[in-house]
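The values are calculated or read from the model by the stated rules, or taken from the named source; none is laboratory data. Just so you know, these numbers come straight off a predicted model, no measurement behind them. Every residue, glycine as well, gets a Cβ built from its backbone with ideal geometry; the counts of neighbours run over all protein chains shown. When the accessible area is computed, the model is the full protein with side chains, heavy atoms only, and any ligands, DNA or RNA have been set aside. Shrake-Rupley method; radii C 1.70, N 1.55, O 1.52, S 1.80 Å.
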Amino acid sequence: MRITFLGTGTSQGIPIIGSTHPVCLSEDPKDRRLRVSVLIEWDDYKYVIDCGPDFREQMLRENCSKIDGIIFTHEHSDHVAGLDDIRPLCYRNGSMPIYAQQRVVDSLKRRFDYIFDAHNKYPGAPEIIVNVIKNKPFALPEMKVIPIRANHYFVDVFGYRFGDFIYLTDVKSVPAEEMHKFKNTKVLVVNALRITPHLSHFNLEEALNFIEEVNPERAYLTHISHLLGFHNEVEKMLPKHVYLAYDGLKITV
Ligand SMILES: [Zn+2]
Ligand SMILES: [Zn+2]
């Protein structure tokens, strides 16, 4: 399985428009972060988790002309706002399957009403196939995916396990009854927003404590704010098996 970090930034991205924070002004390409998403590939299949406002740029950067489906973690704008930009993929390859819990599908229907209007569909609107998922394993071709329910303040988010790989973002806590799903994780991706605590996201300390509890072979931090600091400085502070993800990073699991 190959994983590409399409984006690793928090909701505003880095740099933030108009910001003069040193991390926003950094010339290091690793300090430039688009909104979070990953591309997961196995055999000839390609799926993305989330489809944020930078989706178009991410597809162009990775030279991606085919996606077999989009799996959503939750309905916040930084995770869904790029849905209209799947149009070139639909024109090329046909309808796009999406996978999300019912509440997230309902939110997409409000945000993108013209996509879901079965009677008076706007010509050229994206064609999607909705797959409503629950907190139960579901099948993709040659792959079982296990959702993991976690808390993002009062919003329920889904993380996903693909084989020995787990992707979890926008998490503030993971309920005890979900922890068995992390057994024997090889690679864990988890959010770490900044140094100081935040209402709805792990800060660095909480993310590192969580990684210690899961005990994967390797872990990557994502959904990063400029307030976490410079990529190269933060990475030096991390335990040996923990890395700061950056846009364009590719790993094999
Ligand atoms: Zn987010
Ligand atoms: Zn969120």
Residue pairs qualifying under the 6 Å Cβ cut-off, at least six apart or on distinct chains, with the first in region 200-225 being within 21 Å of G248 (Cβ to Cβ) and the second being open to solvent by 40 Å² or more (accessible area, probe 1.4 Å), are R218/H241; Y220/Y243; S225/R194
Test Y246 against the stated conditions and say whether it is open to solvent by 20 Å² or more (accessible area, probe 1.4 Å) and closer than 19 Å to S11 by Cα.
yes
Those residues of region 146-164 which are touching a residue at least 60 places away in the same chain (Cβ under 8 Å) and either surrounded by fewer than 20 Cβ atoms within 10 Å (Cβ to Cβ) or closer than 19 Å to R194 by Cβ (or both) amount to H152, V155, D156, V157, G163, D164
Taking region 186-215 and keeping residues crowded, with 22+ Cβ neighbours inside 10 Å, part of a loop (DSSP other than H, G, I, E, B) and in contact with a helix residue (DSSP H, G or I) (Cβ under 8 Å, 6 or more places away or on another chain) leaves A192, L193, F202
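Let's see how each residue does on (1) farther than 29 Å from C24 by Cβ; (2) of a type outside the set (S, T, Y):
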| site | (1), (2) |
| --- | --- |
| Y153 | no, no |
| G159 | no, yes |
| V171 | no, yes |
| P175 | yes, yes |
| H201 | no, yes |
| E205 | no, yes |
| Y220 | no, no |
| H223 | no, yes |
Which numbered condition L83 fails, given (1) more than 16 Å from ligand 2 (Cβ to nearest atom); (2) farther than 17 Å from N191 by Cα; (3) aliphatic (A, V, I, L, M):
(1)
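Which residues, taken from region 81-93, are in contact with a Cys (Cβ under 6 Å, 6 or more places away or on another chain) and either free of Cβ contacts under 8 Å to residues at least 24 places away in the same chain or outside any loop (DSSP other than H, G, I, E, B) (or both)? Talk me through it step by step, then tell me what you get.
First, pick out the residues of region 81-93 that are in contact with a Cys (Cβ under 6 Å, 6 or more places away or on another chain): 82-83.
L83, the sole residue that qualifies.
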Residue hits (region 13-48; more than 26 Å from M96 (Cα to Cα), polar (S, T, N, Q) and touching a residue at least 24 places away in the same chain (Cβ under 8 Å)) are S19, S26
Strands (runs of 3 or more DSSP E) contained entirely in region 114-185, each with at least 3 residues that are of a type outside the set (V, I, T) and at negative phi:
138-140, 143-152, 155-162, 165-168
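Which of the residues spanning region 53-71 are open to solvent by less than 70 Å² (accessible area, probe 1.4 Å) and in a helix (DSSP H, G or I)? Give the derivation first.
Initially, region 53-71 is screened for residues open to solvent by less than 70 Å² (accessible area, probe 1.4 Å), giving 53-55, 58-59, 62, 64-71.
Those that are open to solvent by less than 70 Å² (accessible area, probe 1.4 Å) and in a helix (DSSP H, G or I): F55, Q58, M59.
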Taking region 49-75 as the region of interest, how many residues are closer than 19 Å to D247 by Cβ and within 16 Å of ligand 1 (Cβ to nearest atom)?
10
If you check S11, S26, which single one turns out to be surrounded by fewer than 22 Cβ atoms within 10 Å (Cβ to Cβ) and more than 14 Å from ligand 1 (Cβ to nearest atom)?
S26
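Assess whether I16 counts as being of a type in the set (V, I, T), over 24 Å from R194 (Cα atoms) and surrounded by 15 or more Cβ atoms within 10 Å (Cβ to Cβ).
Values: of a type in the set (V, I, T): yes; over 24 Å from R194 (Cα atoms): no; surrounded by 15 or more Cβ atoms within 10 Å (Cβ to Cβ): yes.
Criteria not met by I16.
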